[in-house]
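Worksheet for the structure shown next.
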Amino acid sequence: MKRRPPYGPSADYGQDAHWRGLFGHRHAGPFARGRGPRMFDSGALRLLVLGLIAEAPRHGYDIIRDLQDRFQGAYRPSPGSIYPILQTLAEVGLVASEEHGRQRLFAVTDEGRAYLAEQRAELDAINEQLEEAARPIGASAIGEAIRDLRAALFERMRKGALSPEQAAQLRAALDRARREIEEI
């Protein structure tokens with residue numbers, strides 16, 4: 001039995017309430033979680049993902065790479081945030097998917113195109129905010145520096161357990177960097 005999506009078209013809320021509930025950008029909506037600050041409001045990320053798929057059919061990792069590229073590596077959404085969005089978009093009929101080897105290729109449906117046409121102003125505003133946020137990152141190569149720092153941290157952690165002294169040194173270096181960034 002296929003699971004019915006939350007706030008589906010058959011719900012008592014009507015079609016308009018369905019989309020507001022699913023993509024509500026101005027309120028917490030049914031997808032809100034208390035995990036702290038995020039790069040995107042969940043509704044904005046869903047709309048952005050749908051917009052990317054409308055440009056050209058994509059695999060989930062293509063979407064992740066596209067967003068990472070837009071931020072020159074400073075932001076990379078996790079598969080745990082992208083794949084549930086793709087599943088939801090498919091469940092409500094805005095995208096369709098087909099198997100391509102071991103991956104699924106997602107393409108926008110006619111219903112998805114119609115929804116995007118209704119939300120064009122919102123999507124344009126999100127893309128404008130993305131460009132504005134990414135501009136200083138690209139201009140000063142901050143994204144590259146963030147990527148290098150992350151790579152160095154992960155490489156160090158792969159080498160094995162830290163001694164208590166090494167752990168204290170690493171924590172102190174990260175704390176210094178955080179404080180310096182906050183002072184800028």
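Each reported figure results from applying straightforward, stated rules to the coordinates on display, with no laboratory input. On a predicted model such as this, the values are computed, not experimentally measured, just so you know. Virtual Cβ from ideal backbone geometry, glycine too; neighbours counted across all protein chains shown.
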- If each of residue 114 and residue 132 carries a label point 7 Å out from its Cα toward its Cβ, how far apart are those two points in nm? 3.3 nm
- Task: Tabulate in residue order the Karplus-calculated ³J(HN,Hα) for the range 54-60, using 6.51 cos²θ - 1.76 cosθ + 1.60 with θ = phi - 60°, rounded to whole Hz; enter x for Gly and Pro.
- Result: 5, 5, 6, x, 9, 8, x
- Message: If I take R0 = 30 Å and measure r between the Cβ atoms of residue 174 and residue 76 in this structure, what FRET efficiency does the formula 1/(1 + (r/R0)^6) give, to the nearest 0.05?
- Response: 0.95
- With the charge dipole of the range 143-183 built from beta-carbon charges (+1 for Lys and Arg, -1 for Asp and Glu) about the Cα centre, the Cα from 173, 157, 145 projecting farthest to the positive end belongs to 157
- Query: Out of 130, 79, 63, whose Cα points farthest toward the positive end of the dipole of the range 57-132 (charges: +1 Lys, Arg; -1 Asp, Glu; placed on Cβ)?
  - Reply: 79
- Item | Protection proxy ranking of 177-183, 77-83 - average other beta-carbon atoms within 10 Å, highest first | 77-83, 177-183
- Taking the range 65-184 and dividing mean pair separation by its residue count, relative contact order in percent (alpha carbons under 8 Å, at least six apart): 27 percent
- Message: So if each residue of separation counts as 0.36 nm, and I subtract the Cα-Cα distance between residue 183 and residue 142, what length gain in nm does that give?
- Response: 13.1 nm
- Item | Built amide H within the under 5 Å cut-off of residue 104, gap 5+ | 60
- Task: Just subtract the alpha-carbon distance of residue 163 and residue 150 from 0.36 nm times their residue separation and send over the number in nm, one decimal.
- Result: 2.7 nm
- Query: Tell me, what HN-Hα J-couplings in whole Hz come from the Karplus equation 6.51 cos²θ - 1.76 cosθ + 1.60 at θ = phi - 60° for each residue of the range 75-90, using x for Gly and Pro?
  - Reply: 9, 9, x, 7, x, x, 9, 7, 5, x, 5, 4, 4, 5, 4, 5
